[in-house]
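Shown next, in structure tokens, is the structure this report addresses.
The values are calculated or read from the model by the stated rules, or taken from the named source; none is laboratory data. Keep in mind that this is a model prediction, so the values were computed, not measured. Note that we place each Cβ from the backbone using ideal geometry, even for glycine, and neighbour counts take in every protein chain shown.
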Amino acid sequence: MVTDDTRIAILGGRGMLGTDLAKICRQQGFEVKVFDLPEFDMTNS
């Protein structure tokens, strides 16, 4: 049962699993906050 104050934090939320998990949680009515490391472009190193 999801209440009005149910929140979920997803660490690594921009990865493959994290994006799928966030989508499913939002569809179920959860408030989702995604945390991840900044993007890194190896070609600019």
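Tally up the residues in the range 3-18 that are surrounded by 14 or more Cβ atoms within 10 Å (Cβ to Cβ) and in a strand (DSSP E or B), please.
Total meeting the criteria: 2.
Let me confirm something: among 33, 23, which residue is in a helix (DSSP H, G or I), within 11 Å of the chain's Cα centre (by Cα) and either at negative phi or touching a residue at least 40 places away in the same chain (Cβ under 8 Å) (or both)? Spell out how you get there, then give the answer.
Values: 33 fails: in a helix (DSSP H, G or I).
Residue meeting the stated conditions: 23.
Being at pLDDT 95 or above and surrounded by 12 or more Cβ atoms within 10 Å (Cβ to Cβ) is the requirement here; does residue 21 meet it?
Values: at pLDDT 95 or above: yes; surrounded by 12 or more Cβ atoms within 10 Å (Cβ to Cβ): yes.
Answer is yes for this residue.
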